[in-house]
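Novice: For reference, the structure I am asking about is given below.
The values are calculated or read from the model by the stated rules, or taken from the named source; none is laboratory data. Just so it is clear, the model here is predicted, and its values are computed rather than measured. Heads up, the Cβs are rebuilt from the backbone with ideal geometry, glycines too, and the neighbour counts pull from every protein chain shown.
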Amino acid sequence: MTNVAFTVNGDSVQIDVEDRTLLVDALRDKLQLTGTHVGCDTSQCGCCTIRLNSQAVKSCTVLAVQAQGAEITTIEGVADDDQLHPVQAAFSACHGLQCGYCTPGMIMATIELLSTNPHPTDQEIREGLSGNLCRCTGYLNIESAVRAAQTEMAASHRNEGLISTGQKS
């Protein structure tokens, strides 16, 4: 067993894991963060997508010991208390989910996409989500959710800029 320490959703944690333990299993089994789903165990579906040191990764491809000292954000950590993250709110408002199994991974991939490309084209949205599979929705509502989140996040950033400069919106 190896003791691993990292930060998850803003909380410092230490867990003992076998060296072969996947990060997705450590999050789900050791920390009870079950919003990160296990779909395929081969990095094909994207259900296990999290943010590791501010980059989206499929947690079924990372050993827990590789996360030593890392900062991890799971789907449980993207909301601000009772306030949904704009991407979460957009997925709900645009019906970008059906069974919900892929939704945490889709949301994490969308957050990654919009953090690196705040104004993606339709093609860039498709490419940004290409590592995540949905078997239910047909993707149209997911793409609509990404566009809605993009609009909300851009408006929020504009408002923050106005507030920080003392201007009123």
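To keep it simple, each residue is scored yes or no on (1) in contact (Cβ under 8 Å) with a residue 40 or more places away in the chain; (2) in contact with a strand residue (DSSP E or B) (Cβ under 9 Å, 6 or more places away or on another chain); (3) in a strand (DSSP E or B).
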position	(1), (2), (3)
16	no, yes, yes
27	yes, yes, no
33	yes, yes, no
41	no, yes, no
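Novice: Can you work out which of the residues in region 28-51 that are under 20 Å from residue 80 (Cα atoms) and surrounded by 13 or more Cβ atoms within 10 Å (Cβ to Cβ) is farthest from the chain's Cα centre (by Cα)?
Specialist: This residue is 31.
Novice: So which of 148, 109 is assigned to a helix (DSSP H, G or I), small (Gly, Ala, Ser) and closer than 26 Å to residue 40 by Cβ?
Specialist: Going through 148, 109 in turn, just one is assigned to a helix (DSSP H, G or I), small (Gly, Ala, Ser) and closer than 26 Å to residue 40 by Cβ: 109.
Novice: Turning to a different aspect of this structure: Evaluate the following for residue 16: is it in contact with a helix residue (DSSP H, G or I) (Cβ under 7 Å, 6 or more places away or on another chain), among the charged types (D, E, K, R) and over 23 Å from residue 79 (Cβ atoms)?
Specialist: No.
Novice: Would you check if there is a residue in region 121-140 being surrounded by 18 or more Cβ atoms within 10 Å (Cβ to Cβ), at pLDDT 90 or above, part of a helix (DSSP H, G or I) and among the polar types (S, T, N, Q)?
Specialist: no
Novice: I need a count of the residues in region 52-70 that are within 13 Å of the chain's Cα centre (by Cα), under 17 Å from residue 12 (Cβ atoms) and either buried (at least 21 other Cβ atoms within 10 Å of the Cβ) or among the acidic types (Asp, Glu) (or both).
Specialist: 0
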